[in-house]
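No value in this document is a laboratory result; all are computed from the given coordinates. The model shown is predicted, which means the values in this text are computed figures rather than measured ones. No Cβ is skipped: glycine too gets one built from the backbone with ideal geometry, and neighbour counts run over all protein chains shown.
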Amino acid sequence: MDYTRIAKLHNKVFSTPRNSPEREKAYSALSEADRAAVFDYDMGIRSGRIKAVNINEQEESENMTYETFKWKSDSGERGTLRELSKFAKESPELYQQYRERYHREQGEQQKLHNRRLTESTFKNKPYSFR
């Protein structure tokens, strides 16, 4: 079941005030199958069978930003490598750009860190010890 599409329909219908003509119009504009899917989705969220966080994660994987890529590359959570490899298969050009940019930033941070270490090491020592 495509929860992202149903979540968008659910938000479209339930973003209107309760018992209002706008909600009735939005609900009546849906097909019979979409009405059943939206109702099932709403009951699933209310009962806890479906979690809205999972749907948001699906939407993020479709349109992954660089910040999301960077966060997932840095985190040690389970399943992030699987998500990154799925992203690499879906859009290899964008993945390549993100990876090159990420490695470039990591290299710059490492150089800055090494420079700070060496500056603090030789800060108060005479020149002969350098």
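Listed values, structure above:
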{"read-out": "Distance between modelled label sites at D2 and E100, nm, 7 Å Cα→Cβ extension", "value": "3.3 nm"}
{"read-out": "Ascending count of other beta-carbon atoms within 10 Å, so fewest first, for Y3, Y41, Y66", "value": "Y66, Y3, Y41"}
{"read-out": "Sorted by Cβ density within 10 Å, fewest first, the residues E22, E67", "value": "E67, E22"}
